[in-house]
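The values are calculated or read from the model by the stated rules, or taken from the named source; none is laboratory data. Fair warning: this is a prediction, and the values are worked out from it, not measured in the lab. Virtual Cβ from ideal backbone geometry, glycine too; neighbours counted across all protein chains shown.
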Number of protein chains: 2
Amino acid sequence: MDFQEYFPIWSKLSVTQQNTLSAALMTKTIAKGTMIHNGSMDCTGLLLVRSGQLRAYILSDEGREITIYRLFDRDMCLFSASCMMRSIQFDVTIEAEKDTELWVIPSEVYQNMMSESAPVANYTNELMATRFSDVMWLMEQIMWKSLDKRVAAFLLEEASIEGSDRLKITHESIANHLGSHREVITRMLRYFQNEGMVKLSRSVVEITDTAKLEELTEQ
Amino acid sequence: MDFQEYFPIWSKLSVTQQNTLSAALMTKTIAKGTMIHNGSMDCTGLLLVRSGQLRAYILSDEGREITIYRLFDRDMCLFSASCMMRSIQFDVTIEAEKDTELWVIPSEVYQNMMSESAPVANYTNELMATRFSDVMWLMEQIMWKSLDKRVAAFLLEEASIEGSDRLKITHESIANHLGSHREVITRMLRYFQNEGMVKLSRSVVEITDTAKLEELTEQ
């Protein structure tokens with residue numbers, strides 16, 4: 001089982017803990033677009049991504065969304081197991097952005113390990129601090145950066161994740177990542193097109209001037 | 001020493017850890033308005049508030065502020081010791097909002113305890129999750145709530161902290177709590193005054209209709 005290679009503190013577990021974890025572990029294959037976890041579900045467990053891509057986002061009462069972080073190969077998702085810690089008083093929704101293979105660690109198994117093992121508890125601390133840092137970065141973007149810079153940064157990030165300047169993405173989806181409205185994003189993208197930075201066609205945004213977009217984000 | 005009564009996991013420390021901690025502990029009295037920690041300072045250590053009030057906020061390049069949480073009696077401040085964890089990739093500024101007595105736990109002493117003790121590491125996890133929840137709440141407010149609701153909620157919270165409806169606070173200071181501009185807050189408070197919810201005088205905002213303010217926040 002190659003879980004051991006993906007779980008960074010495997011060697012710090014006792015043999016008993018390793019056996020308990022191996023026996024409790026589940027593997028899952030999740031199709032792109034599937035919602036894996038939300039606040040109204042039971043505690044889903046910790047998710048360790050073997051391959052694929054997950055998106056964690058929050059949702060307003062009116063159905064608006066904003067992406068708070070994404071998870072890639074080898075990333076661990078803690079907040080799908082938020083029942084483990086009573087101080088986690090918020091809900092995130094997690095969906096597969098690509099076909100994803102992952103391991104699920106049941107919450108109670110992980111919680112038991114964490115309560116008796118300082119290495120597991122400290123690893124969990126580092127995981128939480130990483131996500132906390134993501135959210136603080138996002139907060140600074142929302143507070144101090146104008147939307148044109150945020151859209152430009154988002155397109156560049158997408159191009160980097162996809163390894164392509166031709167992005168298959170709707171204006172609605174960009175709005176949902178950034179906590180904005182479709183109409184606002186459409187207006188912004190048309191402005192970018194007029195400036196020669198992108199070329200728009202049905203459900204495609206093609207970056208035509210990466211340098212100019214980068215310059216915009218740095219202003 | 002009454003530190004033991006303020007530090008919730010004292011009884012879970014070994015005698016050696018208790019002795020090390022007692023020897024390393026410092027007490028400080030901080031005058032209202034003093035900045036205790038910011039990103040450019042060395043790691044200040046963990047702060048445990050005995051009495052008083054601290055404010056943690058972030059700062060933009062242009063000097064705009066937004067309060068991310070406050071600390072009261074018995075609260076512990078983790079992010080003044082962010083050097084302890086390499087995954088904490090953000091800076092907060094911490095200042096005393098009232099005259100404050102606190103204990104400082106040196107970062108390296110706490111870090112040593114945390115690395116060897118599951119109870120200390122798990123306590124730290126709960127602390128971080130509490131602050132994370134504060135920030136997620138704030139993010140939802142910023143994203144989905146209009147400024148009139150946020151100003152109303154802020155005034156009600158201040159009145160509750162101070163135990164008085166007569167708040168000695170400048171428009172500038174309210175703007176700094178909420179990540180807004182003074183002019184915008186002044187306009188909003190004048191609107192509130194016209195609606196009979198507050199009465200404004202020099203550096204004072206007096207709440208004159210609590211029920212109406214509460215109603216506004218609930219809409």
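For the reader, a short list of remarks on this structure follows.
Okay, residues lined up against (1) on the phi > 0 side of the Ramachandran plot; (2) in contact (Cβ under 8 Å) with a residue 24 or more places away in the chain; (3) touching a helix residue (DSSP H, G or I) at 6+ places or on another chain (Cβ under 8 Å):
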site: A:T16; (1), (2), (3): no, no, no
site: A:T20; (1), (2), (3): no, yes, yes
site: A:A23; (1), (2), (3): no, no, no
site: A:T27; (1), (2), (3): no, yes, no
site: A:T34; (1), (2), (3): no, yes, no
site: A:N38; (1), (2), (3): no, yes, no
site: A:C43; (1), (2), (3): no, yes, yes
site: A:L59; (1), (2), (3): no, yes, no
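- The set of residues in the range B:179-204 being β-branched (V, I, T) and over 26 Å from B:M139 (Cα atoms) consists of B:V198, B:V204.
- Scanning the range B:163-201 for residues that are under 21 Å from B:V135 (Cα atoms), outside any loop (DSSP other than H, G, I, E, B) and out of contact with any Asp or Glu (no Cβ under 7 Å at 6 or more places or on another chain) yields B:S173, B:I174, B:A175, B:H177, B:L178.
- Of the criteria (1) within 26 Å of A:A153 (Cα to Cα); (2) loosely packed, with under 14 Cβ neighbours inside 10 Å, which one A:T16 fails: (1)
- For the range A:77-95, a residue qualifies if it is among the polar types (S, T, N, Q) and free of Cβ contacts under 8 Å to residues at least 12 places away in the same chain, and the qualifying residues are A:S87, A:Q89.
- A:E140 within 14 Å of another protein chain (Cβ to nearest Cβ) and acidic (D, E): yes
- For the range A:114-130, a residue qualifies if it is more than 7 Å from every other protein chain (Cβ to nearest Cβ) and either surrounded by fewer than 22 Cβ atoms within 10 Å (Cβ to Cβ) or not in a helix (DSSP H, G or I) (or both), and the qualifying residues are A:P119, A:Y123, A:L127.
- Taking the listed residues B:D2, B:D91, B:D42, B:D75, the one that is acidic (D, E) and modelled with pLDDT of 95 or more is B:D75, with no other qualifying.
- With a requirement of 1 or more residues that are of a type in the set (V, I, T), within 14 Å of chain A (Cβ to nearest Cβ) and surrounded by 20 or more Cβ atoms within 10 Å (Cβ to Cβ), the strands (runs of 3 or more DSSP E) lying completely within the range B:22-96 that satisfy it span B:54-59, B:65-71, B:93-96.
- Residue match in the range A:148-162 (condition: in contact with a Phe, Trp or Tyr (Cβ under 6 Å, 6 or more places away or on another chain), within 14 Å of another protein chain (Cβ to nearest Cβ) and either assigned to a helix (DSSP H, G or I) or surrounded by fewer than 16 Cβ atoms within 10 Å (Cβ to Cβ) (or both)): no
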